[in-house]
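Contents: one structure, followed by commentary.
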């Protein structure tokens, strides 16, 4: 199947892109890496009247540390995240997650902004920005606004972006002392869509969590920042407490059933990942007892 007919405009600047989006509204789609958009168009899941290509806007690329914030341009490619020393030092969760995204050909073209704006609930990077307490920077002709990642994802392929706005950057707090990360997903094959995944960021002191953010993906219509994490913060994490947390997690998740897994299976795998995460971040392998290998 091929995409329906569409017009094409290559933006010459961010302002030019915003003018095009303002002129065409929800009949336009932004083309960055195109690794999610083009397959959706070929399947006729999307049929925009016009594509606004922002791929040539160098001002939207790059990774920089500004004070206590790591700023990642929207057009920064997955492969750039993998090789960046700034990402490795300040936000290694992104590097670990991107290694699971599809295959090299996709990672060489796909962009972080495209992935976050696409808001696929089975995608790795939206869950990462939740776990990292990131801020999504968007721009329209009226100016710029910053949206907390927790407020950005509204549903399957739905975000807080207006049709006339452009995601321009992602801001991540620089990791401080004692901050640790965990990433793991279940997929039928490496690079396939995840059945269930977890991206986590934690602050650990004296063998306890002083903060814990659990970003689950492929468990609902959007990435989920699990409230169950609160049971493990500033507490002595025992197997019994961990069992309470996994039970609370199962209650708050709303996974879908599809050809890959039942809802019950997804809840089970999410609980396995929570136990593995706690065991890894606290360096207490006994907490993983009962996890599926």
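The values are calculated or read from the model by the stated rules, or taken from the named source; none is laboratory data. The model shown is predicted, which means the values in this text are computed figures rather than measured ones. For neighbour counting, all protein chains shown are included, and Cβ atoms are generated from backbone atoms with ideal geometry for every residue, glycine included.
Condition check ((1) over 21 Å from the mean Cα position of the chain (by Cα); (2) surrounded by 21 or more Cβ atoms within 10 Å (Cβ to Cβ); (3) outside the structural domain of residue 167 (by TED's automatic domain parsing)) across all residues:
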residue	(1), (2), (3)
2	yes, no, yes
11	yes, yes, yes
23	yes, no, yes
28	yes, yes, yes
32	no, yes, yes
39	no, no, yes
48	yes, no, yes
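Sort out which residues of region 171-206 are out of contact with any strand residue (DSSP E or B) (no Cβ under 7 Å at 6 or more places or on another chain) and under 16 Å from residue 89 (Cβ atoms), and write them in order of number.
Residues of region 171-206 out of contact with any strand residue (DSSP E or B) (no Cβ under 7 Å at 6 or more places or on another chain): 175-177, 187-193, 205-206.
Matches in region 171-206: 175, 176, 177.
Scan region 30-48 residue by residue and report those that are over 20 Å from residue 107 (Cβ atoms) and in contact with a strand residue (DSSP E or B) (Cβ under 6 Å, 6 or more places away or on another chain).
48
Of everything in region 258-293, what is at pLDDT 95 or above, surrounded by fewer than 17 Cβ atoms within 10 Å (Cβ to Cβ) and not in a helix (DSSP H, G or I)? Give them in sequence order.
262, 283, 284
Inside region 1-76, counting only strands (runs of 3 or more DSSP E) that do not spill past its ends, which hold 1 or more residues that are under 19 Å from residue 142 (Cβ atoms)? Give the derivation first.
Details: elements: 7-10, 28-31, 50-53, 63-66, 69-73.
Output list reads 28-31, 50-53.
Look at region 139-174 and say how many of its residues are touching a residue at least 60 places away in the same chain (Cβ under 8 Å), surrounded by fewer than 19 Cβ atoms within 10 Å (Cβ to Cβ) and under 30 Å from residue 279 (Cα atoms).
Qualifying residue count for the region: 4.
Please find, among 95, 109, the residue that is free of Cβ contacts under 8 Å to residues at least 40 places away in the same chain and surrounded by fewer than 24 Cβ atoms within 10 Å (Cβ to Cβ). First the steps, then the outcome.
Working: 109 fails: free of Cβ contacts under 8 Å to residues at least 40 places away in the same chain.
That would be 95, the only listed residue that is free of Cβ contacts under 8 Å to residues at least 40 places away in the same chain and surrounded by fewer than 24 Cβ atoms within 10 Å (Cβ to Cβ).
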